[in-house]
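What follows is a short report on a single structure.
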Amino acid sequence: MTPAPAVPQLAAFRTWCAEAAGVPLDAPGALHAFSVAQPRLFWRTLLEWTGLPWSGSADVVLTDGDVRTARFFPDVRLNYAEALLRPLAGVPDDAPAVTAVHAGRPADTLTRGQLRAEVGATAAALADAGLRAGDRLVLVAPHAAGTIVVALAAAALGAAVSTAAPDMGAPALLGRFAQVEPVLAVLDRAAMGAGTADALLAGLPTVCRLVALDDLPPAAVPTDRLADLVAAAGPSPEWERRPFDHPLFVMFSSGTTGPPKAMVHGAGGTLLEHVKEHRLHGDLTPADTLYFHTTTAWMMWNWQLSALAVGAHVVTYDGPVTGPETLWRLVAEHGVTVFGTSPAYLQLCQDAGWSPAAHVDLSRVRAVLSTGAVLHEWQFDWVAEHVGPVPLQSISGGTDIIGCFVLGSPEAPVRRGRAQARSLGLDVAAVDADGTEVVGAVGELVCRNPFPSRPVGFLRDPDGARFCAAYFAEHPGMWTHGDLVDLDADGSARLHGRSDGVLNIDGVRIGPSEIYTVLRGVPEVADAMAVEQRDPDRAGGTRMVLLAVLRDGAELDEALRRTIRRRLREQASPAHVPALLVAVPELPLTHNGKRSERAARDAVNGDPVANADALRSPGCLEAIRAAVAAAGSGPAAAAGTGAGDPLLRAVTALWAEVLGTGGIGPDDDFADLGGTSRQVLSLLRRVRLDLGADVPLPVFAGQPTPRGLARAVAAAGSPADGGVVTLRPGTGRPVVLVADAWGQLNLYAGLVERLATDRPVLGLQPRLTGPDGTHAPIEEVAAQALERLRAAQPEGPYTLAGYSFGGLVATAMTTALEAAGEPVAWLGLLDVRPPRAALDPGELAAQRWAGRLRTLRSGRALAAVRHRLVAVPAGAPSPAAAADPGVRADPELAFFTRSEAVGEAFRPGAVAAPVTYFLAEGSRAAVRGTLTAWRRVAADLTVVDVPGHHGDVDDDRVGMLSAQHVGTLAERFSAALR
């Protein structure tokens, strides 16, 4: 047996490349830079260096085209089975090639010579059964030596092979194999579920013959036992070399995002990529024994199979994992040097407190590989402590490329939580939404150059439209893989999960991996999945639902809910706190063990699940639906008490009403209870209306608990005491923001924080109601607001601005100031819709039609009011209550409605000052036909578009002042200031 080399094979290959390029490549990153800068020279050098058997001409390495269309080595011919089974220098034919480990019976081993002979005999048998070059064969069998023999025999004949695990059900198998249209099915029916083989064959009308790996009776189609065919077969036909792109494997996506895609991979691209990864990145040699825990349904089975091409000894296992010790005992007993596993298995061992090094001999293990999910930093520490001083190499790619984008390196150091290197020859990068590369930040994983293991294409995709849409639509000219990654300048990478699993909660992007990292510290939680749900209370809005699988004996009571939310808020951010937290028995996993956020998301939203057949346990979806429905519709518990303090009791009752929950303790954090920024504003409005106190948002943020709010209420002044408040200190003339329809300034907090000005920012809070509680007209509100403003700023020029109702007051103040001969430098109107009293008949008609269209398109106008109503005996009159005597308007909505009525009756006077109108994107349709009313008022009017919606109490979509959009508004507001 050839001993392991003293220096990595990567070093020898670097020397070849340096000689070919005529430049040294010793600097860090130099070899990868060369490989993507000179792809033709790199891939030609790699083909020659590997010593793989091929014929034809390699003069044309790469045809013209981009990553989607370019082809590699169009004049090269090879045979995959020949490349894996050829005699190798220094590797005798009696060296072990495959050891098959079984549960409950002894392992069996095939030498390289025996494997070559069995593949030849089986190829002859399959040829006698009618299999020809260009045909497709489906193979359902365990991870065992016989499965390898059949696959290589088919490849030797030039047939394409598609494999699956025998524990998959008929619907899942048909979801894959119906696209393959195979002529031959090779099945181990004894390992399959009852009736599965019959249902599968019934759904595959193209199958002409069944080749059985078992002794069961014949099926409905012509049936032969493979052993009988082999015994009767003649000499093995010649293993003809075929074009580089000749179909080898038909692979399937995992089904995490929809029905599996049938991807055809070519023999040359698969072989060259795998040998590159095994020899250069894994430093795999004939001295190695490789075991990767996989099934025949996962691409790691194909990847491990190709290790035969480098002369390595491959171990297979077709039994169950019965505990943390299962795979480590296999590794020890069979002298495995390179062990491939998953983060889930490593976590199983850690959670069980089982230390492999303390129980078994791992002295031959030189590397542990992990893929299939995000590998966390603490798992690197666990391997170092409980396995030994061996590199834990995070590798990641996919079935789509039948290889890796990022993986290990025998020369680079291992950094906790990161893959060591980018794959040689692949221009892997992280890009932002515009396709611009980002370094050291999370972006979309792309490959910007052609690579040989790109699929030849999809089945049932004659014009390539599905193939293009899958990988090239988002960033044309680049392969977009669907993973989130951050790449450092040293080439190391950290995976952050699927980009389609990223949550977009009202425009805020949240990476679920950050949530799962925090939940590792909550012992009651065994597993969790965060998904996005359409908010049933806010048309167009979204919320986060956290599905938690609890450990035995744990209960998702209020105490655990608070613990989870508090940990997420403290260790991640308030944005990571779920709106809904439910316990479920299990999470949806595909047959190869990948989590399917797509299926969970469809379940919580009540949508049809497109990939249900791709799941191991589709029944878990109904349990998820039921749990979410129960949590979302159940009655709130008692609000809680204030331990004898009437103010605390009143504050706690408001919390319960706003949050729709109960059992609130005096020191519970608002975010820990799932409170959102919108609900904070609603709570503080209710405090103002119900308790007669105005609590600024920063004060509440300092202690966001019922007890803290009660203290703030006790210390706060009444709304009647409002006047001019310094929102941000500065120098020069102040910028004055006028309060909203509730007389509050809290919704301006994000804007004030982000304004790019050194000037002071003041908040003006005029009284909106008279002594009897009725709303004063806009002109009266503006007049007393001016008194308060002049006390703070005796003379102009004045700079005024206001949102919605506040903008109307600011307009009336501007008119009065100019009438008194006092200068106004600038007036800013933040999506201030023209009052009805200011509209002419044509504008009124346009406004009515805009409202009707909005209702017809979304159906949300009625819901926007309905969800703010509480079913109690009739109370204070309001438009809604008048229409339905069975409901009482929410005080917040009722106050807003009265402010709105005052605003609609206002008829603005002329304004000479420059006016900038900040038009929310979502208001364009509603305002389009009425902006002429503002142009009649303001001769110098500039309209500036800003993202977002109006976002008022009657518009629950993402507003222009929301965290998502306020940064853009602040930038444009700052630019317009005078």
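Some values worked out for this structure:
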item	result
Residue count, the range 351-393 (criterion: surrounded by 20 or more Cβ atoms within 10 Å (Cβ to Cβ) and part of a helix (DSSP H, G or I))	4
A412 being in contact with a His (Cβ under 6 Å, 6 or more places away or on another chain) and either of a type outside the set (K, R) or closer than 28 Å to G269 by Cα (or both)	no
Among the candidates S858, S878, S923, S899, residue that is at pLDDT 90 or above and closer than 23 Å to R836 by Cβ	S899
Candidate set: the range 825-855, residues that are charged (D, E, K, R) and farther than 24 Å from F973 by Cβ; chosen: the one modelled with the highest pLDDT	R836
Single residue of T726, T769 found to be crowded, with 16+ Cβ neighbours inside 10 Å, more than 30 Å from G662 (Cα to Cα) and of a type in the set (S, T, N, Q)	T769
Residue ranges of strands (runs of 3 or more DSSP E) in the range 253-344 with at least 2 members among the acidic types (D, E)	none
Breaking point among (1) more than 29 Å from V680 (Cα to Cα); (2) in a loop (DSSP other than H, G, I, E, B), for D758	(1)
Of the criteria (1) touching a Phe, Trp or Tyr at 6+ places or on another chain (Cβ under 7 Å); (2) part of a loop (DSSP other than H, G, I, E, B); (3) under 30 Å from R116 (Cα atoms); (4) not charged (D, E, K, R), which one V67 fails	(3)
Residue in the range 419-440 that is surrounded by the most Cβ atoms within 10 Å (Cβ to Cβ), counting only those that are under 19 Å from the mean Cα position of the chain (by Cα) and not in a strand (DSSP E or B)	G435
Tally, over the range 648-657, of residues that are modelled with pLDDT under 85 and not small (G, A, S)	2
Sole residue being modelled with pLDDT of 95 or more, more than 25 Å from R242 (Cα to Cα), assigned to a helix (DSSP H, G or I) and under 41 Å from the mean Cα position of the chain (by Cα), chosen from L200, L152, L173	L200
Options E586, E622: the member that is modelled with pLDDT of 90 or more, among the charged types (D, E, K, R) and in a helix (DSSP H, G or I)	E622
Whichever residue in the range 677-688 is at pLDDT 80 or above and under 36 Å from the mean Cα position of the chain (by Cα) and, among such residues, is surrounded by the fewest Cβ atoms within 10 Å (Cβ to Cβ)	Q679
Among residues of the range 922-934, those that are closer than 19 Å to A801 by Cβ and within 37 Å of the chain's Cα centre (by Cα), counted	2
Some residue of the range 783-798 being closer than 22 Å to L931 by Cα, surrounded by fewer than 23 Cβ atoms within 10 Å (Cβ to Cβ), of a type outside the set (A, V, I, L, M, F, W, C) and outside the structural domain of D690 (by TED's automatic domain parsing)	no
Residue within the range 221-230 that is assigned to a strand (DSSP E or B) and among the hydrophobic types (A, V, I, L, M, F, W, C) present	no
From the options L709, L727, L747, L751, residue that is in a helix (DSSP H, G or I), modelled with pLDDT of 90 or more and not assigned by TED's automatic domain parsing to the domain that holds L684	L751
Residue satisfying all of: in the range 891-909; aliphatic (A, V, I, L, M) and part of a helix (DSSP H, G or I); nearest to E780 (Cα to Cα) among these	V902
Subset of the range 763-812 (residues that are in a helix (DSSP H, G or I), in contact with a strand residue (DSSP E or B) (Cβ under 8 Å, 6 or more places away or on another chain) and more than 15 Å from A739 (Cα to Cα))	A791, A792
Residues that are surrounded by 12 or more Cβ atoms within 10 Å (Cβ to Cβ) and modelled with pLDDT of 85 or more, drawn from the range 625-647	R625, A626, A627, V628, A629
Residue check for S617: modelled with pLDDT of 85 or more and out of contact with any helix residue (DSSP H, G or I) (no Cβ under 7 Å at 6 or more places or on another chain)	yes
Wholly within the range 71-122, strands (runs of 3 or more DSSP E) carrying at least 3 residues that are under 29 Å from P243 (Cα atoms) and of a type outside the set (K, R)	none
Condition met for R678 (in a helix (DSSP H, G or I), touching a Leu at 6+ places or on another chain (Cβ under 6 Å) and within 27 Å of H950 (Cα to Cα))	no
P235, sole failed condition from (1) within 17 Å of V186 (Cβ to Cβ); (2) surrounded by fewer than 20 Cβ atoms within 10 Å (Cβ to Cβ)	(1)
Residues (assigned to a loop (DSSP other than H, G, I, E, B) and either under 15 Å from L495 (Cβ atoms) or in contact with a helix residue (DSSP H, G or I) (Cβ under 7 Å, 6 or more places away or on another chain) (or both)) located in the range 402-413	I402, G408, S409, P410, E411
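The values are calculated or read from the model by the stated rules, or taken from the named source; none is laboratory data. Just so it is clear, the structure is predicted and the values come from calculations on it, not from any experiment. Counting neighbours? That spans all protein chains shown, and the Cβs are built from the backbone with ideal geometry, glycine included.
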